[in-house]
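Peer 1: My questions all concern the structure below.
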Amino acid sequence: MTTHAFPAAVLFDLDGTLLDSAPDFVATANRMLQARGMGEVSLEQLRPAVSKGSRAMLAVAFPQMGDAERHALVPEFLEIYEALIGQYAQLFDGIETMLQALEQAGTTWGIVTNKPEYLARLILPQQGWQQRCAVLIGGDTLAERKPHPLPLQVAAQQINIGVAACVYVGDDERDILAARAAGMPSVAALWGYRLDNDDPQAWQADSLCGQPSELWQPAAWPATQPASA
């Protein structure tokens, strides 16, 4: 008889996986547009680009600009976002119940995101995660960021659990690429942010999950190796 258990550890992407942060980013972009006397961008327009990062979101908000001109706006974008972070964002439905199920099973969980670490850390007290999140690696914490495997490898080291005993959950192809390169089983979060031409089936994650509620049960998680670092 096959028995299922939650993984020893789960590492999550943040934006588009745990947190629906798109409303915060829409407010950020619109403050910039308003300051320039320009029309607003909608949630529907910006949402698919959120997991691609600030440059991708600025490309949606300022399509008439060249890459270099938009790149120069990144510091302003991040400064405005920092000032309003968490005002409009909320957890995706089912995330809190999933985290509680993991914790009750003794699973360690943490966050590996490409968001700058100082911004990601602002999220923790807003969600009451200061003591619950065992590790947080941001996009500028290390010399490499996803899709490089180093952030996942370092996160596993910091929680003293082998990479093959962890599972990484993310909503972008770079998440699955990083997990595969690290030798870590992966779950593609289909409830997150994707461009029209993104094909999660092609990412070759170990599991595709449509809603966080699917992860309330241990049988939904991919198989892992025993937890030895």
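Peer 1: In whole percent, what relative contact order does the chain give with Cα contacts below 8 Å and a gap of six or more residues?
Peer 2: 26
Peer 1: When the helix-only estimate is applied to the chain (DSSP H runs of n ≥ 4, each -39,500 (n - 2.57), divided by the residue count), what is the mean residue ellipticity at 222 nm, nearest 500 deg cm²/dmol? If you can, show how the numbers build up before the last one.
Peer 2: Working: 10 runs with 86 residues, N = 229.
Result for the chain, helices only: -10500 deg cm²/dmol.
Peer 1: Turning to a different aspect of this structure: Using 1/(1 + (r/R0)^6) with R0 = 22 angstrom and r between the beta carbons of residue 5 and residue 157, what's the FRET efficiency to the nearest 0.05?
Peer 2: On the way: r = 23 Å, r/R0 = 1.03.
FRET efficiency, residue 5 to residue 157: 0.45.
Peer 1: Counting only DSSP beta bridges with both residues in the chain, what percent are antiparallel, rounded to the nearest 5?
Peer 2: 10
Peer 1: Okay, next question. Suppose R0 equals 35 Å; then what is the FRET efficiency for residue 59 and residue 100 from their Cβ-Cβ distance, rounded to the nearest 0.05?
Peer 2: In this case the efficiency is close to 0.40.
Peer 1: Could I ask something else about it? Compute the long axis of helix 117-127 from its Cα atoms, compare it with the longest principal axis of the Cα atoms of the chain, and write down the angle in degrees, 0 to 90, nearest 10.
Peer 2: 70
Peer 1: Here's something else I'd like to know. Quote the charge dipole size of the chain about the Cα centre in Debye, to the nearest 20; the model charges only the Cβ of Lys and Arg (+1) and of Asp and Glu (-1).
Peer 2: Dipole about the Cα centre, nearest 20: 340 debye.
Peer 1: Angle between the Cα long axis of helix 173-182 and the longest principal axis of the chain, 0 to 90 degrees, nearest 10?
Peer 2: 40
Peer 1: Quick check for you: with a 1.4 Å probe and neighbouring chains kept, what is the accessible area per residue of the chain, in Å²?
Peer 2: Spelled out: the 1.4 Å probe surface of the chain, per residue, equals 45 Å².
Peer 1: Right, next: Carbon and sulfur atoms: what percent of the 1.4 Å accessible area of the chain do they account for?
Peer 2: Working: 4920 of 10340 Å².
Summing carbon and sulfur atoms, their accessible area is 48 percent of the total for the chain.
Peer 1: A further question on this structure: Tell me, what is the percent relative contact order of the range 1-70, built from C-alpha pairs under 8 Å that lie six or more residues apart?
Peer 2: Worked out over the range 1-70, it gives 23 percent.
Peer 1: Ok, one more. Does the range 21-84 come out rounded, prolate or oblate by the C-alpha gyration tensor, with a ≥ b ≥ c the root eigenvalues, rounded set by a/c under 1.5 and, if not, prolate when a/b is larger than b/c and oblate if not?
Peer 2: Rounded.
Peer 1: Pick out which of 37, 138, 106 has the largest mean-square fluctuation in a Gaussian network model of the chain, springs linking Cα atoms closer than 10 Å.
Peer 2: Residue with maximal mean-square fluctuation among 37, 138, 106: 37.
Peer 1: Looking at [x] 18.7, 56; [y] 15.8, 48; [z] 17.5, 65, which value of Rg and Dmax of the Cα atoms in Å comes from a calculation on the structure shown?
Peer 2: [z]
Peer 1: Residues with amide H under 5 Å of residue 208's amide H, sequence separation 5 or more or different chain, H placed in the peptide plane at 1.01 Å from N; which?
Peer 2: 188
Peer 1: Relative to the first principal axis of the alpha-carbon coordinates of the chain, what is the inclination of helix 95-104, with its axis defined by its Cα atoms, in degrees from 0 to 90 and to the nearest 10?
Peer 2: On a 0 to 90 degree scale, this one is about 30.
Peer 1: What distance in nm separates the two pseudo spin-label positions at residue 82 and residue 34, each 7 Å out from Cα along the beta-carbon direction?
Peer 2: Distance between the two pseudo-spin positions: 2.1 nm.
The values are calculated or read from the model by the stated rules, or taken from the named source; none is laboratory data. Please read all numbers here as calculations on a predicted model, not as lab measurements. When we count neighbours, we look across all protein chains shown, and the Cβ atoms used for this are built from the backbone with ideal geometry, even at glycine. Keep in mind that these areas ignore ligands, DNA and RNA; they rest on the heavy atoms of the full protein, side chains included. Shrake-Rupley method; radii C 1.70, N 1.55, O 1.52, S 1.80 Å.
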